[in-house]
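Enquirer: The structure is given below, and queries will be raised subsequently.
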Amino acid sequence: MKIDKNENTEKSIVDIAKALGVSAATVSRALNDNPRISEATRKRVKEKAIELGYRHNSMASSLRNKKSKIIGLIVPRISMYFHAVFITALQNRLQNEGYSLMVCQSNDSVAVEQKLANTLYSSRVDALVVSLALYTENYAHFDGFINRGIPLIFYDRVPTKDYPAHIIQGDDYRGGVIAGNHLIEMGCSKIAYISGPLSCSIYRERTEGLKHVLKKAKVTLAKKWCFYQELTAENAWNSLRQIFAGDEVPEAIFASNDTTAVAAVEFAREQGIKIPQELKIIGYSNDPRASIISPPITTIDQHPDEMAHRVAYKLLHLLKDKNAREHAETNRKEIVPVTMVRRMTT
């Protein structure tokens, strides 16, 4: 069968203009909902565009306007509850303002994170939002954004060294304090602690908060019961086996994420350890799994939707007002409060 090449040719604004007997400028304005064009004309233009198979070239438009209307987002893992909620809330807010969100995941790899940062920079995103990989300690791959004045916001996992970007983070230090105080109030003096790597800001802050409280209460955090590792279910089970291998066992476990806390509940059930009578457990994040497991887990709520709201507000403020970028230099850091959700494991 012979195919007419003209049928496969992508139609342009000029083609729409010819078909309707109007100027190309009128078509362009109508497609962009310019109020100078009547609603009736806008409707005719859009219907004809669909009929002719016209596709808007957003890349060409962004090159002309020097705006892509795309925000880049790099997260460690999309599957993590905190980031899943954050992404949804941020996307909804940005879409209402005419921006699209380009979501990328580093899989907690520094090398992948570096590549993604370079790719998003080359893609001319209008701004970049990042939650760092576990072991990121050098931030040079974000320098291009800083040097070009492109808004850059770190959230949740943020730089542990001074870096001239905007930071919106949870009050992880306070989270460690809340967890430690609660266990002390429950009469616990033998506490096991399973944390993420201290190269990561959130685990460093939670650890410092916990240690401050325990030191104040004159409670020693035994090294044999402390683990700093990637917080997977497998690593949690390995740690728990070591913690309960000896004759002396802890009265409580503070886990720096709910995946580990869930593993602790399952381990205790397998070993016949009564919760909370013989072992108290606190997690972190308020993952839905923490509320449906039996017994439901006491945890620290990070409020990811609130963090997304603050990131969006800051981002849109920076994008809409170039002068705001200069004024914001003196107020680059925001802290999102955390709260404890007490359940039946304490």
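Enquirer: Among TYR193, TYR228, which comes first, second and so on when ranked by fewest other beta-carbon atoms within 10 Å? Display every interim value, and only then the final one.
Expert: Details: TYR193 27, TYR228 17.
Fewest-to-most Cβ neighbours within 10 Å comes out as TYR228, TYR193.
Enquirer: How many nm is it between the label spots at LYS67 and ASP162, if each spot is 7 Å from the Cα in line with the beta carbon?
Expert: 3.4 nm
Enquirer: Under a straight-distance cross-link criterion of Cα-Cα below 20 Å, which aspartates and glutamates are reachable from LYS43, leaving out those fewer than 8 residues away in the same chain?
Expert: Within reach: ASP15, ASP33, GLU51.
Enquirer: Let me ask something else. Positive end of the dipole of the chain, charges at C-beta (+1 Lys, Arg; -1 Asp, Glu), about the Cα centre: which of PRO337, LEU52, LEU279 has its Cα farthest in that direction?
Expert: Of the candidates, LEU52 comes out farthest on the positive side.
Enquirer: Turning to a different aspect of this structure: Can you spot the lysines whose alpha carbon is less than 24 Å from LYS215's alpha carbon? Ignore those fewer than 8 places along the same chain.
Expert: LYS190, LYS223, LYS224, LYS280
Enquirer: Dividing the convex hull volume of the alpha carbon atoms of the chain by its residue count, what do you get in Å³ per residue? Working shown, then result.
Expert: Numbers: hull volume 66.5 nm³, N = 346.
Spelled out: Cα convex hull of the chain, divided by residues, is 192 Å³.
Enquirer: How far apart, in nm, are two points set 7 Å out from the Cα along the Cα-to-Cβ line at LYS215 and at ASN92?
Expert: Label-label distance for LYS215 and ASN92, simple model: 4.2 nm.
Enquirer: Further question: Where nothing but the Cβ of Lys and Arg (+1) and of Asp and Glu (-1) is charged, how large is the charge dipole of the chain around its Cα centre, in debye to the nearest 20?
Expert: 1100 debye
Enquirer: A further question on this structure: Under 20 Å Cα to Cα from LYS216, which aspartates and glutamates show up? Leave out anything in the same chain fewer than 8 places away.
Expert: Straight-distance partners of LYS216: ASP171, ASP172, GLU185, GLU205, GLU208, GLU251.
Enquirer: A follow-up question, please. Under unit Cβ charges (Lys, Arg +1; Asp, Glu -1), what dipole magnitude, rounded to 20 debye, does the stretch 5-56 have relative to its Cα centre?
Expert: My answer is approximately 120 debye.
Enquirer: Under 1.5 on a/c is rounded, so check that first for the stretch 211-303, then, if it is not, pick prolate when a/b is larger than b/c and oblate when it is not; a ≥ b ≥ c are the square roots of the alpha carbon gyration tensor eigenvalues.
Expert: It comes out rounded by the Cα gyration axes.
Enquirer: With +1 on each Lys and Arg Cβ and -1 on each Asp and Glu Cβ, and nothing else charged, work out how big the dipole of the stretch 201-327 is about its Cα centre, in Debye to the nearest 20.
Expert: With Lys and Arg at +1 and Asp and Glu at -1, about 520 debye.
Enquirer: Farthest toward the dipole's positive end in the stretch 172-301, which of ILE293, THR232, LEU221, given Cβ charges of +1 (Lys, Arg) and -1 (Asp, Glu) about the Cα centre?
Expert: The residue sitting most towards the positive pole is LEU221.
Enquirer: Taking the 0 to 90 degree range and rounding to the nearest ten, how far is the long axis of helix 304-320 tilted relative to the main principal axis of the chain, both from C-alpha atoms?
Expert: 40 degrees
Enquirer: Using the Cβ atoms and a cut-off under 13 Å, what net charge is assigned to the surroundings of TYR81, where Lys and Arg are +1 and Asp and Glu are -1? Intermediate values should be presented prior to the final figure.
Expert: Values: positive: ARG77, ARG289; negative: ASP156, ASP258, ASP287, ASP301, ASP305.
Net local charge, TYR81 excluded: -3.
Enquirer: Figure the gain on full extension for VAL249 and SER38 (residue separation times 0.36 nm, minus the Cα-Cα span) and round it to one decimal in nm.
Expert: Here the segment from VAL249 to SER38 would lengthen by 68.4 nm.
Enquirer: Next up: Note down the relative contact order for the stretch 172-301 as a percent, whole number, built from C-alpha pairs under 8 angstrom at least six residues apart.
Expert: Over the stretch 172-301, the number comes to 25 percent.
No lab work stands behind these numbers, since they all come straight from the coordinates. All of these numbers come straight from a predicted model, not from anything done at the bench. When we count neighbours, we look across all protein chains shown, and the Cβ atoms used for this are built from the backbone with ideal geometry, even at glycine.
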